[in-house]
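> Here you go, one structure.
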Amino acid sequence: MKPGMRIGQEETIQFTVTKEMFAEFGGKVVHPAYSTAWMVYHMEWASRKIILPFLEDNEEGMGAEVTIKHIAPGLEGDAITVTASLSAMEGNAVVTEVKAYGPDGLIGIGDVKQKILPKMKISSILKS
């Protein structure tokens with residue numbers, strides 16, 4: 001990894017809840033609200049934005065762990081902001097604390113851990 005990553009560093013993504021983000025299973029919408037699966041995706045995306053400027057050409061980040069609490073719903077048309085804040089660097093692991101906010105406040109919290117690995121190692125893992 002390139003130097004310069006620091007605890008407290010933040011990245012944010014913003015988007016609007018659409019029907020494709022609704023909670024669904026087997027193609028059937030269960031709740032017309034922002035799904036936990038999409039929340040995890042957006043939390044991982046915000047967290048990834050932290051590592052991108054620091055990856056060497058031969059490195060890539062790989063998801064290692066996600067913990068999340070989905071606290072409140074996000075409805076169609078709601079503007080959502082997800083912020084990731086670097087909370088720990090443990091060897092080749094980067095951990096972020098993530099928070100998702102809707103128009104009425106906090107809707108989700110969690111942590112995302114990414115492992116920084118050589119691309120060759122990732123290729124090897126995926127081929128086994």
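> Among the residues that make up the stretch 50-59, is at least one of them part of a strand (DSSP E or B), over 16 Å from T96 (Cα atoms) and open to solvent by 20 Å² or more (accessible area, probe 1.4 Å)?
Here is the first cut: in the stretch 50-59, the ones part of a strand (DSSP E or B) are 59.
Within this subset, residues satisfying the condition of being over 16 Å from T96 (Cα atoms) are 59.
Then keep just the ones that are open to solvent by 20 Å² or more (accessible area, probe 1.4 Å); that gives 59.
Yes: one or more hits.
For every residue, the table says whether it meets (1) modelled with pLDDT of 95 or more; (2) assigned to a helix (DSSP H, G or I); (3) surrounded by 16 or more Cβ atoms within 10 Å (Cβ to Cβ).
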residue: M1; (1), (2), (3): no, no, no
residue: M5; (1), (2), (3): yes, no, no
residue: I13; (1), (2), (3): yes, no, yes
residue: E20; (1), (2), (3): yes, yes, no
residue: V29; (1), (2), (3): yes, no, no
residue: V40; (1), (2), (3): yes, yes, yes
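> Within the set of pairs 6+ apart or on separate chains, which have a first residue in the stretch 1-12 that is touching a residue at least 40 places away in the same chain (Cβ under 8 Å), a second that is open to solvent by less than 80 Å² (accessible area, probe 1.4 Å) and of a type in the set (F, W, Y), and C-beta atoms under 7 Å apart?
M1/F54; K2/F54; G4/F54; M5/F54
The values are calculated or read from the model by the stated rules, or taken from the named source; none is laboratory data. The structure displayed is predicted, hence computed values, not measured ones. All Cβ positions, even for glycine, are placed from backbone atoms using ideal geometry, and neighbour counts span all protein chains on display. Keep in mind that these areas ignore ligands, DNA and RNA; they rest on the heavy atoms of the full protein, side chains included. Shrake-Rupley method; radii C 1.70, N 1.55, O 1.52, S 1.80 Å.
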